[in-house]
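The block underneath contains the structure these notes are about, expressed in structure tokens.
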């Protein structure tokens with residue numbers, strides 16, 4: 001059995017993976033963090049020796065249900081794993097008897113304690129100051145490197161949340177729709193906002209309208225298709241509103257003001 005402790009940042013309480021989870025799913029989440037290896041460990045996987053990296057472990061649904069305890073059935077464990085995988089929290093590979101679970105950002109949240117402190121000192125206060133300085137420098141270097149690499153969207157970012165929202169809308173019409181690449185979808189939504197000068201309110205409004213439309217709900221199956229057909233969607237929506245003699249809906253702007261929803265460009269007062 002693993003001994004020691006894990007890091008658990010308070011910020012997790014503000015993330016959808018926590019706020020939108022059931023009590024049982026929260027238990028599963030913490031149990032997964034506790035079960036993950038903190039160092040390399042030998043397992044048998046698919047009948048062969050396997051070295052699990054930190055953040056990985058081999059288990060089974062019944063084993064997880066047993067460790068999670070009361071009210072955590074195998075079905076609830078399976079549902080939780082699928083949900084966490086959708087959020088990009090883990091990957092889950094299964095066989096007939098067991099499964100390999102990898103916590104995707106384990107190194108980010110649990111690593112980093114071995115920050116170099118080459119210059120030892122008898123004064124603990126001085127050592128702590130060196131440690132803090134080194135950590136700040138390392139964070140700045142990592143931030144610069146991450147900006148040069150392909151952008152990765154955190155599950156709490158607005159673009160990632162838009163991607164999740166669209167897939168949920170699609171699933172209402174197509175329950176068995178294949179799960180998309182949420183990172184790619186998030187990037188597509190970023191392009192809609194930054195390059196096309198659309199607001200999040202406009203995107204959400206038009207997306208919901210399209211998903212409820214008898215024709216467009218089977219066409220707008222990704223943010224790229226929403227972007228590609230944007231002008232046609234706006235034109236048809238306005239036409240149908242006019243035929244129905246309905247007034248264009250006003251939705252809240254920043255603070256308490258309101259603005260007319262002009263979907264052909266950015267927000268206008």
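Every number in this text was worked out from the coordinates using simple rules, so none of it is lab data. Since the structure is predicted, the reported quantities are computational estimates derived from the model, not experimental observations. Glycine also receives a Cβ, built like all others from the backbone with ideal geometry; neighbour counts cover every protein chain displayed.
Hey, among 40, 44, which residue is closer than 16 Å to residue 95 by Cα and surrounded by fewer than 11 Cβ atoms within 10 Å (Cβ to Cβ)? Just a single option satisfies the conditions, and that option is 44. In this entry, residue 73 is excluded by the filter for residues that are in contact (Cβ under 8 Å) with a residue 60 or more places away in the chain and more than 16 Å from residue 92 (Cβ to Cβ). Meeting the requirement of 3 or more residues that are over 20 Å from residue 73 (Cβ atoms) and touching a residue at least 24 places away in the same chain (Cβ under 8 Å), the strands (runs of 3 or more DSSP E) wholly within the stretch 1-60 are 56-59. Using the structure shown, decide if residue 101 is touching a strand residue (DSSP E or B) at 6+ places or on another chain (Cβ under 8 Å) and under 25 Å from residue 180 (Cα atoms). Here the answer is yes, as residue 101 does meet what is asked.
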